[in-house]
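Asker: The structure under discussion is supplied below as structure tokens; questions concerning it will follow.
Derivation of every value follows stated rules applied to the coordinates shown; laboratory data play no part. Note that the structure is predicted; figures quoted are calculated from it, not measured. Every residue, glycine as well, gets a Cβ built from its backbone with ideal geometry; the counts of neighbours run over all protein chains shown.
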Amino acid sequence: MRRLVLNDGTEIPVIGQGTWRMGERAAERKAEVAALQAGIDLGLTLIDTAEMYGNGGAEDVTGEALKGRRNEVYLVSKVLPSNASHAGTIKACEQSLKRLRTDYMDLYLLHWRGSYPLADTLQAFQELKQAGKIRAFGISNLDVNDMKEWLALPGGGEAVANQILYNVGVRGPEHDLAPLLADAKIALMAYCPLAQGEVGSFKKLEPIAKRHNATVAQIMLAWATRNPLSFAVPKSSNVARLKENAAAGDIKLTAQDLAEIDAAFPAPKKARPLEMI
Ligand SMILES: NC(=O)c1ccc[n+]([C@@H]2O[C@H](COP(=O)([O-])OP(=O)(O)OC[C@H]3O[C@@H](n4cnc5c(N)ncnc54)[C@H](OP(=O)(O)O)[C@@H]3O)[C@@H](O)[C@H]2O)c1
């Protein structure tokens, strides 16, 4: 598994595990816990969750999966914009930590921009970091203008990642947001890197997959993590697919592969507003 070093010196795997839609159905809980644990065994030692997912259910499932192995994982969660006031962020973090059954998160993100000033959320993030409840902070779904506003705030440049919708079929961020993040040394954390499982829409990647003895999904993951400071959090509750996703972390696309992908799925020529799911 390729690894990358974040701007705070922390090393992480380029592929992790998403948890959206986990923790919603009691009947699936056991399988979800087992899948997350199998993923960790396979080297997918970064888990992305959020207080929003399953109304805390995904954090709860994650907490159970991490029992006895918290230190093996880089744990990411997110505060909802409706909780992202100064006091609300601190309270939300403490509640997430309880569900996660840990006393620290590795990375805490603002899920998307809401009505509270970014400065209030950032101030709370800094206090949580000082208190050791989070080791790093970042943002999610911030487009260029919001990102510039965040970076202009004192301490904004300490953010380690912006988690955004990015996959072979959604290349808008390459125009302006990705270069801005690269300049600020803020990692691009790709969500929905497998287009929410719609890998059948990417048949044009099959010849490239064949050359690498890989699947289309693996090529999508290798592509989303091809640049320095980019990593991805595909979600799977299926051990065979987790294996596939973990192995994608070793695939290095060639210049020819990248040129073929550009031809089949071109990046937009003009800036586009950041899409969000
Ligand atoms: N910040 C945000 O606003 C935001 C928004 C959306 C998502 N996210 C985060 O990003 C994570 C990933 O996004 P996502 O879950 O929406 O979409 P995704 O990872 O692009 O796709 C997940 C879907 O792909 C299937 N899948 C997984 N591996 C596969 C493979 N190798 N081949 C074929 N299909 C495969 C999964 O099914 P199985 O489970 O059956 O394998 C699932 O249906 C989320 O779980 C969440 O943590 C963040």
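Asker: Taking 7 Å along the Cα-to-C-beta vector as the label spot, tell me the Glu158-Asp103 distance in nanometres, rounded to one decimal.
Answerer: 2.0
Asker: What's the Kirkwood radius of the chain in Å, using all Cα pairs?
Answerer: About 18.8 Å, per the Kirkwood formula over Cα pairs.
Asker: Can you give me the Cα centroid spacing of segment 208-277 and segment 36-88 in angstrom?
Answerer: 23
Asker: Too long at a 29 Å Cα-Cα cut-off: which of Lys67/Lys91; Lys204/Lys269; Lys91/Lys243?
Answerer: Over 29 Å apart, Cα to Cα: Lys91/Lys243.
Asker: For labels at Val5 and Gln130 in the simple 7 Å Cα→Cβ model, what's the distance in nm?
Answerer: 2.9
Asker: Along the positive direction of the dipole of the chain (beta-carbon charges: Lys, Arg +1; Asp, Glu -1; about the Cα centre), which of Ala246, Ala119, Val14 reaches farthest?
Answerer: The Cα lying farthest towards the positive end belongs to Ala246.
Asker: Further question on the same structure: In a shell of Cβ-Cβ distance under 10 Å around Gly138, excluding Gly138 itself, what net charge do Lys and Arg (+1) and Asp and Glu (-1) give?
Answerer: Here the charged neighbours net out to 0.
Asker: Ordered by residue, what ³J(HN,Hα) values in Hz, to whole numbers, does segment 237-253 give under the Karplus form 6.51 cos²θ - 1.76 cosθ + 1.60, where θ = phi - 60° and Gly and Pro are x?
Answerer: 10, 10, 4, 4, 6, 4, 4, 4, 5, 5, 5, 4, x, 9, 7, 10, 6
Asker: Under a point spin-label approximation (7 Å from Cα along Cα-to-Cβ), what is the Ala267-Ser82 distance to one decimal in nm?
Answerer: 3.7
Asker: Let me spell out the model: positive unit charges on the Cβ of Lys and Arg, negative unit charges on the Cβ of Asp and Glu, origin at the Cα centre of segment 3-264. What dipole size does that give, in debye rounded to 20?
Answerer: With only Lys, Arg, Asp and Glu charged at Cβ, the dipole is about 620 debye.
Asker: Where the only charges are on Cβ atoms (+1 Lys, Arg; -1 Asp, Glu), what is the dipole of segment 168-265 about its Cα centre, to the nearest 20 debye?
Answerer: Result for segment 168-265 is approximately 300 debye, rounded to the nearest 20.
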